[in-house]
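Below is one structure, written out as structure tokens; comments come after it.
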Amino acid sequence: MQNRTEDRTEQRLDRLRGRAPRRRHDARTIAALTRNPGCARRAVLDAAGIDKELLARQIGFAAPFGQSPFAIVRGNVFEARVTADECAALLTLLAECLDSGSASDAGAGVDEATSGDVIYLDLGASGAGSDAEGPARRLERTEAVLRSEAVLRSEAASGAGAGSRAEAPRTVLLAHPLLRLAVGGQDVYLEPDLLVIRPDGRAHVVEIKSFAVVDGQADGEKVAAAAVQAAVYVLALRRMLGTPGAVSHDVVLVCPKDFSNVPMATRVDVRRQLLALDHQLARLTTVRTLLDALPPELTFDLAPAADGAPSRPAGELTEALEQLPARYAPDCLSVCELAFRCRQEAAGRTAALGASVREELGGIDTVAEVLDLAGGTRTPTESQAEAAAYLMITARMYAEGLAAAPAPGPAPSPAPLLAPAPAPSPAPVAAAASASGGERG
């Protein structure tokens with residue numbers, strides 16, 4: 001019965017997507033979804049694997065952001081350098097980084113971090129779990145390796161405790177393993193860059209990013225985003241293994257040092273991100289429930305022409321999009337390809353002012369209603385009474401403040417053209433990740 005239900009759900013998702021190839025969920029899309037768990041529009045489109053960037057462009061709301069081809073190439077080159085020669089250069093960085101003094105890993109020395117044999121397995125390489133085998137097969141390979149390592153360490157510990165000769169501990173590097181995480185009732189496959197299993201049996205997620213760390217400082221937003229994405233992998237791995245203690249909350253972020261392609265590693269604590277992700281994933285409505293509320297004929301098929309270009313009219317796609325309720329917030333502009341369309345829909349509504357304003361003005365949907373209630377020209381409903389009282393007090397205090405303010409003086413002289421305001425300083429890598437915490441949805 002469950003299999004038939006899952007098959008029907010997949011058929012609905014296939015119809016929504018149409019003839020386009022499916023775009024896989026990844027850590028970035030899951031992080032964006034959990035920032036706004038109440039958005040049914042994003043949840044359904046991501047579950048169906050729809051190309052939101054292409055959809056936004058077809059309806060005339062292309063997002064003016066995205067990763068440039070140059071940045072993608074640079075990232076691939078940097079990752080290839082980090083993982084060259086079976087991560088030989090990375091091993092030294094990991095030894096230094098993972099001995100930086102975390103309380104959770106106290107007692108692990110530099111020698112212990114890479115002591116014994118070092119085993120390198122590329123689970124995404126041809127012949128060792130390639131995409132041609134499908135995600136299920138690659139997932140089995142990853143689980144088999146993780147289980148075998150757990151058994152080996154258990155036997156080694158038992159042998160050492162009994163006084164018998166035990167196998168020396170070893171470090172295992174897993175490149176491109178495949179993980180599984182349930183998102184909205186659907187299994188999602190995720191592929192971190194690297195996992196390192198230390199001789200003590202604890203696993204660490206290693207995330208390779210191409211943004212630079214200059215003099216120990218990095219772009220705070222990029223570091224925070226990388227920390228959340230790494231936390232997605234940690235959560236998936238913990239749920240797969242069923243033993244949270246086997247997966248460290250300390251992840252390793254590998255970035256170029258200064259303006260070179262020389263890698264440097266930083267240890268980042270993602271406990272706050274893990275708590276937020278766990279909470280937000282639990283709040284997600286199941287995809288099946290969202291699909292049941294949609295008309296059965298709904299589809300976002302772009303009807304590609306012979307040259308591959310979409311041919312479906314923008315009006316039809318816009319009407320289809322309106323069938324999916326959105327929950328717009330200003331920070332959607334930095335993480336969602338459809339945010340500019342959703343912002344237009346939310347124009348004049350309190351939701352467009354942000355989550356905090358929306359929550360403070362619960363029950364008041366439009367800015368026009370807010371102004372009328374503040375001015376006393378509209379009778380509030382029972383659910384609006386408390387907010388209306390605060391609005392009237394605020395409006396009165398604002399008017400009194402304006403009346404008591406002195407008349408404005410002459411405008412100040414403009415600043416010299418050669419003395420621009422100093423730019424804000426970038427944040428240290430670990431501090432920026434810690435400050436990011438979890439986003440409220």
Select from the stretch 48-65 the residues that are under 18 Å from Arg28 (Cβ atoms) and in contact with a helix residue (DSSP H, G or I) (Cβ under 7 Å, 6 or more places away or on another chain) and write down the one among them that is modelled with the lowest pLDDT.
-> Ala63
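Based on this model, can you work out whether Ala182 counts as of a type in the set (Gly, Ala, Ser) and at pLDDT 90 or above? So that I can check it myself, show each step before the final result.
On the way: of a type in the set (Gly, Ala, Ser): yes; at pLDDT 90 or above: yes.
Here the answer is yes, as Ala182 does meet what is asked.
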Determine if the stretch 51-60 includes at least one residue that is in contact (Cβ under 8 Å) with a residue 60 or more places away in the chain, closer than 29 Å to Gly308 by Cα, over 24 Å from the mean Cα position of the chain (by Cα) and assigned to a loop (DSSP other than H, G, I, E, B).
-> yes
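Have a look at Ala347, Ala374, Ala368 and point out the one that is of a type in the set (Gly, Ala, Ser), surrounded by fewer than 16 Cβ atoms within 10 Å (Cβ to Cβ) and assigned to a helix (DSSP H, G or I). Outline the logic, then answer.
Numbers: Ala347 fails: assigned to a helix (DSSP H, G or I); Ala374 fails: surrounded by fewer than 16 Cβ atoms within 10 Å (Cβ to Cβ).
The match here is Ala368.
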Cys336 vs. criteria part of a loop (DSSP other than H, G, I, E, B), in contact (Cβ under 8 Å) with a residue 40 or more places away in the chain, under 19 Å from the mean Cα position of the chain (by Cα) and over 30 Å from Arg147 (Cβ atoms) = yes
Tell me which of these Glu319 doesn't satisfy, since it passes every other one: (1) farther than 23 Å from His25 by Cα; (2) buried (at least 19 other Cβ atoms within 10 Å of the Cβ).
-> (2)
Considering each residue of the stretch 27-39, count those that are in a helix (DSSP H, G or I) and surrounded by 19 or more Cβ atoms within 10 Å (Cβ to Cβ), and give that number.
-> 8
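Consider Thr92 carefully, then state whether it is surrounded by fewer than 20 Cβ atoms within 10 Å (Cβ to Cβ) and closer than 30 Å to Val118 by Cβ.
Numbers: surrounded by fewer than 20 Cβ atoms within 10 Å (Cβ to Cβ): yes; closer than 30 Å to Val118 by Cβ: yes.
Yes: the conditions hold for Thr92.
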Please work out if Ala47 is in a helix (DSSP H, G or I), among the aliphatic types (A, V, I, L, M) and in contact with a strand residue (DSSP E or B) (Cβ under 6 Å, 6 or more places away or on another chain).
-> yes
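Scan the stretch 278-288 for residues that are touching a residue at least 40 places away in the same chain (Cβ under 8 Å) and either out of contact with any helix residue (DSSP H, G or I) (no Cβ under 8 Å at 6 or more places or on another chain) or over 22 Å from Ala31 (Cα atoms) (or both) and report the count.
Filtering the stretch 278-288 down to residues touching a residue at least 40 places away in the same chain (Cβ under 8 Å) leaves 278-281, 283-288.
With either out of contact with any helix residue (DSSP H, G or I) (no Cβ under 8 Å at 6 or more places or on another chain) or over 22 Å from Ala31 (Cα atoms) (or both) added as a condition, the list becomes 279, 283, 286.
Summing the residues that are touching a residue at least 40 places away in the same chain (Cβ under 8 Å) and either out of contact with any helix residue (DSSP H, G or I) (no Cβ under 8 Å at 6 or more places or on another chain) or over 22 Å from Ala31 (Cα atoms) (or both) in the stretch 278-288 gives 3.
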Checked Arg24, Arg74 against criteria (closer than 30 Å to Val262 by Cα, surrounded by fewer than 18 Cβ atoms within 10 Å (Cβ to Cβ), in contact (Cβ under 8 Å) with a residue 60 or more places away in the chain and basic (Lys, Arg)); the one match is Arg74
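Kindly provide the set of residues from the stretch 9-21 that are exposed (fewer than 15 other Cβ atoms within 10 Å of the Cβ) and part of a loop (DSSP other than H, G, I, E, B), ordered by number.
Of the stretch 9-21, the ones exposed (fewer than 15 other Cβ atoms within 10 Å of the Cβ) are 10-11, 14, 19, 21.
Within the stretch 9-21, Arg19, Pro21 qualify.
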Scanning for something surrounded by fewer than 19 Cβ atoms within 10 Å (Cβ to Cβ), at pLDDT 90 or above, aliphatic (A, V, I, L, M) and not in a strand (DSSP E or B), does the stretch 253-266 turn up at least one residue?
-> yes
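I'd like the full set of residues that are small (Gly, Ala, Ser) and exposed (fewer than 12 other Cβ atoms within 10 Å of the Cβ), limited to the stretch 298-310.
Kept after step one, since they are small (Gly, Ala, Ser), are these residues of the stretch 298-310: 303, 305-306, 308-309.
Once the filter is applied, which keeps residues that are small (Gly, Ala, Ser) and exposed (fewer than 12 other Cβ atoms within 10 Å of the Cβ), the stretch 298-310 yields Ala305, Ala306, Gly308, Ala309.
If a residue must be assigned to a helix (DSSP H, G or I) and of a type outside the set (Val, Ile, Thr), how many such residues does the stretch 350-365 contain?
Within the stretch 350-365, the subset assigned to a helix (DSSP H, G or I) is 350-353, 355-360.
If we keep only those that are of a type outside the set (Val, Ile, Thr) as well, we get 351-353, 355-356, 358-360.
So the count comes out to 8.
The values are calculated or read from the model by the stated rules, or taken from the named source; none is laboratory data. Just so it is clear, the structure is predicted and the values come from calculations on it, not from any experiment. Reconstructed Cβ throughout: ideal geometry from the backbone, glycine too, with neighbour counts over all protein chains shown.
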